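First up is the structure itself, then whatever we jot down about it.
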Amino acid sequence: MIECENIVKIYQNGEIETQALKNISFKINDGEFIAIMGPSGSGKSTLMHILGCLDTPTSGTYFLDDNDVSKLSDDELAEIRNRKIGFVFQAFNLLPRSSVLRNVALPLVYAGEKKDRREEYAVAALKASAFPEKFWQHFPNQLSGGMMQRVAIARALVNNPSLILADEPTGNLDTKTGEIVLDTFQRLHQEQGRTIVLITHEPYVAEHAQRIIHIRDGEIVEDGKNHHRRVVNYDSQEV
């Protein structure tokens with residue numbers, strides 16, 4: 001699904017040049033659950049922006065579903081983001097005056113989907129993320145942080161993307177609630193075969209993935225299977 005070859009990203013600020021990524025190369029197969037882990041300033045956020053088609057590399061190539069997206073225009077990148085990538089961010093980014101169902105359906109509005117199909121797909125995404133039906137008409141301020149993040153996960157699923165990209169998705173949550181969100185990702189991976197890339201600086205979060213890529217100072221320092229994978233399975237769906 002993903003192939004990065006010698007990705008370099010250089011930021012220029014006047015005469016000051018900062019190399020955020022240095023010849024990054026790796027592959028992610030369809031259906032893998034990957035964590036990209038590194039400390040602040042390691043380059044993981046820059047890499048996330050490139051994987052999410054929010055930015056382009058200075059040099060190197062990035063293939064997503066066999067398409068070289070590293071040289072695309074802004075409009076072409078926007079189309080790729082809408083069709084192929086589902087984003088989950090730390091801050092949830094839900095519309096406060098819209099219901100859960102309408103928040104989930106929002107990407108379909110931008111995609112030009114008809115109203116009746118939008119609701120059908122939003123319902124399917126909420127069911128896929130195991131979000132309780134009795135809360136579908138609630139507003140974000142009536143939900144806990146964990147439930148808001150699971151709404152964001154459902155919204156990421158609604159376009160049936162090739163890739164789910166989660167950026168520090170438990171950063172605003174307490175440990176138990178974060179575990180429930182991570183359990184949701186694990187279920188999506190195990191039961192539906194979703195391809196998930198999780199960006200984090202927390203080792204215990206990365207340990208929920210099946211493979212961990214460690215990045216430091218703009219370089220991959222370790223890439224391997226997670227032999228100590230944490231598996232969680234909380235019964236409560238309303239935390």
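Read the figures in this text as sums done on the coordinates, not as results from a lab. Since the structure is predicted, the reported quantities are computational estimates derived from the model, not experimental observations. Methodologically, a virtual Cβ is constructed for each residue, glycine included, from the backbone with ideal geometry; neighbour enumeration extends over all protein chains shown.
Projected area of the chain, taken from the Cα convex hull and averaged over every viewing direction, in nm²?
It is 13.1 nm².
Cβ neighbours within 10 Å, averaged per peptide: list 159-172, 9-22 in order, most packed at the top.
Packing order, densest peptide first, comes out as 159-172, 9-22.
Within the chain, what is the number of lysine pairs with alpha carbons under 24 Å apart, leaving out pairs fewer than eight places apart on the same chain?
Counting lysine pairs in the chain gives 24.
Antiparallel DSSP bridges in region 2-225: what percent, to the nearest 5?
Counting DSSP beta bridges with both partners in region 2-225, the antiparallel share is about 55 percent.
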